[in-house]
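Just below is one structure, and these are the notes that go with it.
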Amino acid sequence: MVAPGSLLAPDDIAHVIQVALAPAFLLTALATLLNVFSTRLGRVADRVDDAAASLQKADADEAAHLSRQLSYLRRRSFMLDVAVVLASIGSIMTGIAVLTLFVGALRDAATASVLFGCFGVALVCTVAAIVAFLVEILMAGRRVRDEVDRRTIEASDREAGEADAPYRESRSSRF
């Protein structure tokens, strides 16, 4: 970019700053993703606390259900951990890429391969974090649907039991 020993011209400085803005926007997006991940992890933790407290006073059937729910929440938290780690690595690599831009502009060294590598790893980690987040979201959605189905079946079983109650009472009174 600049010959060694020469001062940076204002146009050169402006160009370096312009080139560094794209990674800065990526850093903003990654920070937003990390915020979303941490919020969801907090919600998972709250559900774990609720399930664990309910497990203390649950009967055998409910305890089995709560144990499955805790196992499921554990998998969700793991996927969120993967997403957080990948987004963090992407952020670190983006930061290194920006730093490489500035150092390269000042030193006129062969920084293209380091810059390409850092930014490439940042993009791969970002995509992988989004995939991990997608898997976690799908897990959460399926769990909600499963819970709704379970509650619906329980409610219909209770209603069927209540509808049969007069019939059972009349049969038992005859004998």
Which numbered condition in (1) farther than 30 Å from residue 22 by Cβ; (2) without any contact (Cβ under 8 Å) to a residue 40 or more places away in the chain; (3) in a helix (DSSP H, G or I) is the only one that residue 58 fails? (3)
Name the residues in the stretch 61-84 that are free of Cβ contacts under 8 Å to residues at least 60 places away in the same chain, open to solvent by 80 Å² or more (accessible area, probe 1.4 Å) and closer than 24 Å to residue 125 by Cβ, would you? 74, 78
From (1) open to solvent by 90 Å² or more (accessible area, probe 1.4 Å); (2) modelled with pLDDT of 75 or more; (3) touching a helix residue (DSSP H, G or I) at 6+ places or on another chain (Cβ under 8 Å), pick out the condition that doesn't hold for residue 56. (3)
Tell me, yes or no, whether the stretch 100-108 has at least one residue that is modelled with pLDDT of 80 or more, among the basic types (Lys, Arg) and assigned to a helix (DSSP H, G or I). no
Go through the stretch 19-31 and give me each residue that's open to solvent by less than 80 Å² (accessible area, probe 1.4 Å) and closer than 11 Å to residue 91 by Cα. 23, 24, 26, 27, 29, 30, 31
List the residue pairs whose Cβ atoms are under 8 Å apart, where the first residue sits in the stretch 119-143 and is within 28 Å of residue 97 (Cβ to Cβ), the second is polar (S, T, N, Q) and open to solvent by less than 60 Å² (accessible area, probe 1.4 Å), and the two are 6 or more positions apart or on different chains. 119/94; 122/91; 122/94
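The values are calculated or read from the model by the stated rules, or taken from the named source; none is laboratory data. From a predicted model like this one, the values you see are computed outputs, not experimental measurements. So basically every Cβ, Gly included, is an ideal-geometry build from the backbone, and we count neighbours across all protein chains shown. Each accessible area value is taken on the protein alone, full model and side chains, heavy atoms only, with ligands, DNA and RNA left out. Shrake-Rupley method; radii C 1.70, N 1.55, O 1.52, S 1.80 Å.
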